[in-house]
Structure formats: C-alpha cells, structure tokens
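So the structure is just underneath, and the comments pick up after that.
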Amino acid sequence: MQQYLVIKCGGSIMEELPDSFFQNIVTLSKSGSWIPVIVHGGGPLISKLLQKFDIETEFINGIRVTTDDTLDIVEMVLSGSVNKNIVRKILQAGGQAYGISGVDGRLLTVDESSKLYEEYGFVGEVSVVNEQVIEGIVSQGYIPVISPLGIDSDGQRYNINGDTAAAAIAKALQAKLCIVSDIPGIYVYENGDKMILDRLCKDMTEQMLEDETISGGMIPKVKAAIDCLMNGVSEVVIISGAKANSLIDYCNGARVGTRIVLHSEDLYPLR
C-alpha cells in the first residue's frame, strides 16, 4: 500500500541540496511504497531580493512579516524561481514533477477570520486543503511541488509559513511529514557539546519550547509537527538535506534526524 510523504524543503537548505537528494525523491516515487509531495520555502532568496529593492523585512517568532509590497516579491520568488528550479531538478533526476502554488485550484484556502494581519501582515493560516488537486496531479504520474501561498474567498493572497503549509497538507493527506532543514535535527548542549536528539514526544517538545531550548526558525517547525501529531499524522521527522541519502535512510527505518511522535510510549521501538 502506498503512503503519502510530505517533504518540506526549507529555503535555508535549498541551494545546498545535492543532486542525490532529488534522485532520492524520484526513487521513492518509483518505489511503489511512497508518494512524495514537496512543499518548499525560499526565505533567503526572498530576503536577498527584498534587500535589492530596498524593502525592509522583519521576523517575529521565525515568521516573516508580510506587507503588500513584500507579498509581490514573495510570490515572485516562491511560485517563480524556487518552484520551477525544484521541478527542473526532479526532471534532471529522471522523474516527473508538476509545480503549483497554494493559490492554484484553491489548493490552500485561508479563512479571513483566522488571518494574522495585526501581527504579521498578509500571513495566513490554512483553513482548507483541496487535496483533490494533489490527488489529480499524482494520478497523472507527477510529483507535486507546492509553493506556500494561499487565497481567501475574496481572492486576497497570503504568504503561508512553509512549515505550516506542509503540516496542513500532511494532515489532509494523513501523510508522514519530513521537514528537510540545514541542521540535522533538534539539538541540546551537554557539557558544551552539541547533541542531536533522535526522538522526542509531544510533551518533551512543548517543554523545550517553553524553556526556549527551541528558538528562532525552529519554532514554526516544531509547532507544525505538534499540530500534525494532534490531527492524526503518525510521526514527523526533521532531517538534514545536506546529509547523503538521509531521505531514503529515514524511509528505510534508520535513525536519521529527530523523530517526533505524539506519546512517549510511541518512542520505542523506533518504527
């Protein structure tokens, strides 16, 4: 039986992803066991372009404050250059990919009443995922590549945090969620040495948020993970995209990155 795997590629790791990463995605797609769905960010490239156009940008809790001027750049980068670059990489790796944004086919609908305008500007929370759009792309033999933009009932577009968008899609598809980052997982310091935690449960993760062991851009990642777990997703993993074959290793059951599950009793055995 095939299972969906939502792969969220962070903007911070995008330029460092080796060709083998995309070959791994194609391998999973052809395996008969996994249906990969890619959701991507593009933060560093957005920041670079905003700076070029002399548009100020601000982050709160790891989320970009998005003005109307910023939104034009966000859409240009995410749905344009980043999305199509990933599609090309998959084609070069021997796969078939189809790039869309959350606006297309109303894939990601934002509820106006839940928008975070006062604090973040045009940043939305996903209220509805039209999974039929994804299923239609998959049925044609393509790997969906999704940029995290959404739309409300009035046609207003919104920037959606990539981790949040990936979590919403994983929930809708009842998929496992793999967050690909520039770090190999959640870590703590012991005696001055950095130690990657290979497994966490929801309560442990929330405690780390509360005591600020988890901070910055990792905050939306682990919040997205907790949201998934509370809505039927069996597990979320945070892995490094730069580590060779980390995606294949995870799917084969190896200890890779940080695996997050709902209950402490689910931590053992590993799978």
Task: Selection count where residues are outside any helix (DSSP H, G or I), of a type in the set (D, E, K, R) and touching a residue at least 40 places away in the same chain (Cβ under 8 Å), scope region 53-89 - done: 1
Task: Subset of region 67-87 (residues that are buried (at least 17 other Cβ atoms within 10 Å of the Cβ) and either under 16 Å from D104 (Cα atoms) or among the aliphatic types (A, V, I, L, M) (or both)) - done: L71, I73, V74, E75, V77, L78, S79, V82, N83, I86, V87
TODO: Quick one: count up the residues across region 54-81 that are within 26 Å of V222 (Cβ to Cβ) and small (G, A, S).
DONE: 1
Open item on the list: For region 25-52: of the residues being within 17 Å of the chain's Cα centre (by Cα) and part of a helix (DSSP H, G or I), which is surrounded by the most Cβ atoms within 10 Å (Cβ to Cβ)?
Closed with: I25
Open item on the list: Name the single residue that is surrounded by the most Cβ atoms within 10 Å (Cβ to Cβ) among those in region 106-132 being among the small types (G, A, S) and at pLDDT below 80.
Closed with: S114
- [ ] State all residues of region 160-182 that are among the basic types (K, R) and not in a helix (DSSP H, G or I); if no residue qualifies, say none.
- [x] K176
Open item on the list: Take the conditions in contact with a Gly (Cβ under 8 Å, 6 or more places away or on another chain), over 26 Å from T66 (Cα atoms), modelled with pLDDT of 85 or more and acidic (D, E) and apply them to D198. Does it pass?
Closed with: yes
Task: Among residues of region 205-245, those that are loosely packed, with under 15 Cβ neighbours inside 10 Å, at pLDDT 85 or above and either among the hydrophobic types (A, V, I, L, M, F, W, C) or under 15 Å from D182 (Cα atoms) (or both), counted - done: 1
TODO: Identify the residue in region 1-24 that is in a helix (DSSP H, G or I) and not small (G, A, S) and, among all such residues, is farthest from G253 (Cα to Cα).
DONE: E15
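The values are calculated or read from the model by the stated rules, or taken from the named source; none is laboratory data. Predicted model, so just to flag it, every value in this text is computed and none were measured. No Cβ is skipped: glycine too gets one built from the backbone with ideal geometry, and neighbour counts run over all protein chains shown.
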